[in-house]
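Undergrad: Dumping the structure here so I can ask a few things about it.
The values are calculated or read from the model by the stated rules, or taken from the named source; none is laboratory data. Nothing here was measured: the structure is a model prediction, and the numbers come from that model. No Cβ is skipped: glycine too gets one built from the backbone with ideal geometry, and neighbour counts run over all protein chains shown.
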Amino acid sequence: MKNSILYIGLSFITAFTLSSCKNDLDVLAPGEESVSVYGIINPNQSVQNIRINKVYLTDGDALAAGQNGETINYGPGELRVSLQRFVNGSTTPTVTSVGTGTIAAKKEIVLTETVVTTAGGNFSTQQRIWQTTDKLYNSGEYKLTIKNNNTGKEFTAQTIVVDSVRPNSVKPFIYHPTLYPMHGYYVVTGSPVTQQVAYIDYSILTATQFIKFKSIANAKLYSVVMRFHYIDSLIGGGTVNSYADYTFPNQKSSSINGGEDMEVSFSANDFYVVVGSEMQKKSSANIKNRRSHYMEYIVMAGAETLNTFLQVNEPSNSIAQDKPYYTNINGGVGVFSASSRSIITHDLWNDFIDKIACHPSTNPYGFCNSSGVKTGVCP
């Protein structure tokens, strides 16, 4: 397999292994230096990670060569990786971070390198990444610059930052045929705790429920997770907080202008089925009982470049060997893009807690009712 090439990124791995039956990919001219980059910055996160690997030629099997960490990783100190912030198209970098206490304004953030251990697969589990704990702004653009200190070669990429979905636009929509028989009601954040509309109640199993929100500017891809939090009481004493996720299919806005009505829907009964399925994956050893705690609604938004990258690299059932690829890395392959995260939380209504305790899908896992007692299956 003469002149086989290997390039990897977090999403490239899946696309490469599922959609291709050969190891040859002749896109790198002999002697040409390149990099593979996967970096999704998120101002909501405390740490930003960017993964950078070598793109190389080999006379042997590219996948076999990928098991060699020295082949796919740059050496210590070999790269200088930095971020600069631009606003309104200005060619002059603006302040990129502000420290706490004493103000520490920077024109450039220089990332530090570290080696992490990843899950096993076709490539070495030892991967070198670059990261920073400096605070990023939720507006403007960020430019990534990668410089090879040995060769002087530079690679760049730029992305628009994606702000968070406004928390007050994320509205769980509750349908209850007795209390609200016509159209249901939105859960209102900040309502007094004595009002039922401040709580989540999915106790009516046949009801179709919705989570609605407004799209934001520059974001195309949206991921919604409903996270059910609960508390494990241990046989030997003490408690452990845990959760189970209900993850919905990704949503895409029709434009990146923002303000578009977006939603996901589900049957209330599906909530219990999904939670029960998630509970099967968790150990029940040393668990005396479980107490339902609260619900968390998480909306992730991704920039258009991220959406394009993931769409192009989706697994394919086609037998065709040639697939297009997308990159916004100047001189390299991969993606440098942005995402954001918005979270709201709500307490659970007693009827809902009681149903979690007795529903056939969740009852086997020791959930207590609103009185703190384990019950049998609902009649």
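Undergrad: Go through Gly77, Gly101, Gly89, Gly120 for me and flag whichever is out of contact with any Leu (no Cβ under 7 Å at 6 or more places or on another chain), assigned by TED's automatic domain parsing to the domain that holds Asn49, at pLDDT 85 or above and loosely packed, with under 10 Cβ neighbours inside 10 Å. First the steps, then the outcome.
TA: Details: Gly101 fails: at pLDDT 85 or above; Gly89 fails: at pLDDT 85 or above; Gly120 fails: at pLDDT 85 or above.
Matching residue, one of Gly77, Gly101, Gly89, Gly120: Gly77.
Undergrad: Only one of Ser284, Ser339, Ser361 is polar (S, T, N, Q) and either touching a Pro at 6+ places or on another chain (Cβ under 6 Å) or exposed (fewer than 15 other Cβ atoms within 10 Å of the Cβ) (or both). Can you tell me which?
TA: Details: Ser339 fails: either touching a Pro at 6+ places or on another chain (Cβ under 6 Å) or exposed (fewer than 15 other Cβ atoms within 10 Å of the Cβ) (or both); Ser361 fails: either touching a Pro at 6+ places or on another chain (Cβ under 6 Å) or exposed (fewer than 15 other Cβ atoms within 10 Å of the Cβ) (or both).
On inspection, the qualifying residue turns out to be Ser284.
Undergrad: Moving on to the next point. Confirm whether Ile256 is in contact with a helix residue (DSSP H, G or I) (Cβ under 9 Å, 6 or more places away or on another chain) and closer than 18 Å to Ser342 by Cα. Lay out the reasoning, then the answer.
TA: On the way: in contact with a helix residue (DSSP H, G or I) (Cβ under 9 Å, 6 or more places away or on another chain): yes; closer than 18 Å to Ser342 by Cα: yes.
Yes, satisfied.
Undergrad: Let me confirm something: among Asp322, Asp347, which residue is at pLDDT below 95, of a type in the set (D, E, K, R) and under 30 Å from Tyr202 (Cα atoms)?
TA: Values: Asp322 fails: under 30 Å from Tyr202 (Cα atoms).
Exactly one residue qualifies, and that residue is Asp347.
Undergrad: Being of a type in the set (Gly, Ala, Ser), exposed (fewer than 13 other Cβ atoms within 10 Å of the Cβ) and touching a strand residue (DSSP E or B) at 6+ places or on another chain (Cβ under 9 Å) is the filter here, so list the residues in region 239-276 that pass it. Lay out the reasoning, then the answer.
TA: Within region 239-276, the first condition is being of a type in the set (Gly, Ala, Ser), and the residues that meet it are 242, 244, 253-255, 258-259, 265, 267-268, 276.
Remaining after also requiring exposed (fewer than 13 other Cβ atoms within 10 Å of the Cβ): 254-255, 259, 265.
Passing the criteria: Ser255, Gly259, Ser265.
Undergrad: Next question, about the same structure. For region 148-179, give me the residue count where each residue is in contact with a helix residue (DSSP H, G or I) (Cβ under 8 Å, 6 or more places away or on another chain) and either under 21 Å from Asn218 (Cα atoms) or charged (D, E, K, R) (or both).
TA: Number of matching residues: 1.
Undergrad: Go through (1) within 23 Å of Tyr222 (Cβ to Cβ); (2) at pLDDT 95 or above and name the single condition Ser361 misses.
TA: (1)
Undergrad: Specify the residue that is surrounded by the most Cβ atoms within 10 Å (Cβ to Cβ); the eligible residues are those in region 189-211 that are out of contact with any helix residue (DSSP H, G or I) (no Cβ under 8 Å at 6 or more places or on another chain) and modelled with pLDDT of 90 or more.
TA: Ile211
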